[in-house]
Amino acid sequence: MEKSRLLEHPSDVVGAIPSCYAMPKELIVNVTSKEKRVAYLENGVVCEAYYERAKEVGFVGNIYKGKVQRVLPGMQAAFVEIGLDKAAFLYVSDVSEEIKDVDASGEDGPPEGKERRHHWRDRQQIQNLLKPGQEVLVQVARGPISTKGARVTNHISLPGRSLVYLPTWDKIGTSRRIADDTERRRLRDTVRRHRPDDGGFIIRTAAEGLSEEQLQQDIEYLSTTWDEILEKNNQLPPPALVHTELDIVLRLIRDLFSHEIERIVVDDKEEFEKIRRFLERFMPRLAGILEYYRGHEPIFDHYGIESELNRALVSKVWLKSGGYLIIDQTEALTTIDVNTGRFVGRSNLEDTILKTNLEAVDEICYQLRLRNLGGIIILDLIDMERRSSREKVYAVLRDLLQQDRAKTTISRFSELGLIEMTRKRTHESLARVLCEPCHVCEGRGYHKSSLTVCYELFRKIQRKSQDIQEDHLLVKIHPSVYEVLMDEERNGLIELEKKIYKKIELQADELFNPEQYEIGPYH
């Protein structure tokens, strides 16, 4: 994979540090009037890419006042109208217990004086919690993907710089990344002293080392935001947007700083100022890491990001050894096939296969993040005879997946030599964001051959000629089909004319796709 390049001239970036020092984790921000692009780099290599376009604003994190459309007892879920093109999907496990208060079924609520018990909620039936026409306050947990509507939850969460406020929760949780027990206890005690009467908090990794005053400010900001949301919820009729999440750039800055981002480079002055104000308000200690890019070369080209993104759109990915991957993404699942390709090894077949598979799993884990592939994923690695080889490949794959921020589950090698895994789908994959189905093949990845279209056309002409009174037909076709008909299938065309007793005139049209044709009377 191509690594991004360091700045060639310190003057390219305002306040840039010496170019000989490689930043381990960076955010590179490219802004135009129509689109914002953010690349997340680790050791100079782009690992994740995010897009936000003016016409396609993201929905995740937005809070809506919705109305229940349908309740589906068989699926223990409900469809909620929130004002988007498709109704949102709400599972019973995502319904807050407080919703129960508005239902008149008369059943008891959860036990008093104990923490929320998930098994109590799981025993509830969706038809006892929600009914058609009921108004609910929901938050988008997963945006619309392909043909599916958004998934929403009634468990609202409001992320801040150091804390996450959960109005429907009653506990204080702490990030596992804060390892020091004394610091964890201090943070919990501080939040407990200043928390509002309702709701709970999750203490983020970014809270480590913050003063009591800083934590209090975050609590006050989040609780005030929640009060404003409740006020708008009482005023607006459903469906209505009640609260909008931060844009993609500020959201990533807020969420990824727990992963030790050490530099942000942005190429737009207005966006630079907006990020600077955001950092000064919520992360004043980190304001110095923001840099303005002044280079003449486009920023994504300068860092080698553009070429990596283009490589992430092709199905064939070459490995350094000469092997390659075939990545095939469909609606239901993604398959990744590993091949030795040009790699022939040096010693024996098993070692050649093992080396290819080890290199392949490293590239696979990288491609999963870069392409943001989610759902069911099947890995078809090259068959290995030795069990020790399979165990080694599995262990490497498992360790690499632990570095992925998206939740993954992985099974061991099946009897067919496949590895089945799932990766949490948080938003559309890179290909679905940047591409659309081919209008010729409609997403199949292939189209009918010219010869197939010729024979299909013969049958169609024979059927349609009976409905055309004129004795002269005009057939418009793609140039590739025209060439076949005028050459190798010329005799077949003559025989068809004799059979239908009509003259056939061909006309090539470059605007037609290879499978398209048009039959009508000749005028």
In segment 43-94, residues that are within 23 Å of the chain's Cα centre (by Cα), within 17 Å of G149 (Cβ to Cβ), in a strand (DSSP E or B) and among the hydrophobic types (A, V, I, L, M, F, W, C) total 6
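Just give me the residues in segment 170-182 being in contact with a strand residue (DSSP E or B) (Cβ under 9 Å, 6 or more places away or on another chain) and of a type in the set (D, E, K, R), in sequence order. Let's see the steps before the verdict.
So the first thing to find is which residues in segment 170-182 are in contact with a strand residue (DSSP E or B) (Cβ under 9 Å, 6 or more places away or on another chain), and the list is 170-175, 178.
Listed by number, the residues that qualify are D170, K171.
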May I ask you to list the residues in segment 281-294 that are modelled with pLDDT under 90 and closer than 17 Å to E26 by Cβ? M283, L286, A287, G288, I289
Scan segment 480-503 and give yes if some residue there is in contact with a strand residue (DSSP E or B) (Cβ under 6 Å, 6 or more places away or on another chain), more than 18 Å from E456 (Cβ to Cβ) and not polar (S, T, N, Q), otherwise no. yes
Consider S93 carefully, then state whether it is in contact with a His (Cβ under 9 Å, 6 or more places away or on another chain) and either modelled with pLDDT of 85 or more or farther than 30 Å from R276 by Cα (or both). yes
Based on this model, can you work out whether E52 counts as surrounded by fewer than 20 Cβ atoms within 10 Å (Cβ to Cβ), at pLDDT 90 or above and at negative phi? no
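Residue by residue, here is whether (1) open to solvent by 20 Å² or more (accessible area, probe 1.4 Å); (2) among the β-branched types (V, I, T); (3) in contact with a helix residue (DSSP H, G or I) (Cβ under 9 Å, 6 or more places away or on another chain) holds:
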residue: V136; (1), (2), (3): no, yes, yes
residue: V152; (1), (2), (3): no, yes, yes
residue: I156; (1), (2), (3): no, yes, yes
residue: V164; (1), (2), (3): yes, yes, yes
residue: K171; (1), (2), (3): yes, no, no
residue: S175; (1), (2), (3): yes, no, yes
residue: L187; (1), (2), (3): no, no, yes
residue: I202; (1), (2), (3): yes, yes, no
residue: E212; (1), (2), (3): yes, no, yes
Quick check on segment 216-223. Is at least one of its residues under 28 Å from the mean Cα position of the chain (by Cα) and not in a loop (DSSP other than H, G, I, E, B)? yes
Need the failing condition index for A406 against (1) assigned to a helix (DSSP H, G or I); (2) surrounded by 15 or more Cβ atoms within 10 Å (Cβ to Cβ), just the number. (1)
Being open to solvent by 30 Å² or more (accessible area, probe 1.4 Å) and in contact with a strand residue (DSSP E or B) (Cβ under 7 Å, 6 or more places away or on another chain) is the filter here, so list the residues in segment 27-36 that pass it. K34, E35, K36
Just wondering, is there one or more residues in segment 167-187 that are over 19 Å from F282 (Cβ atoms), of a type in the set (S, T, N, Q) and either touching a residue at least 24 places away in the same chain (Cβ under 8 Å) or part of a strand (DSSP E or B) (or both)? yes
Pull out all pairs, ordered by first then second residue, where Cβ-Cβ is under 6 Å, the residues are six or more apart or on different chains, the first lies in segment 401-426 and is charged (D, E, K, R), and the second is assigned to a loop (DSSP other than H, G, I, E, B) and open to solvent by less than 60 Å² (accessible area, probe 1.4 Å). E420/S411; R423/G374; R423/A406; K424/A406; R425/G374
Looking at segment 17-32, which of the residues that are at pLDDT 50 or above and either outside any loop (DSSP other than H, G, I, E, B) or farther than 15 Å from P298 by Cα (or both) is farthest from the chain's Cα centre (by Cα)? P24
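The values are calculated or read from the model by the stated rules, or taken from the named source; none is laboratory data. Nothing here was measured: the structure is a model prediction, and the numbers come from that model. Counting neighbours? That spans all protein chains shown, and the Cβs are built from the backbone with ideal geometry, glycine included. The area values use the complete protein model at the heavy-atom level, side chains included, leaving out ligands, DNA and RNA. Shrake-Rupley method; radii C 1.70, N 1.55, O 1.52, S 1.80 Å.
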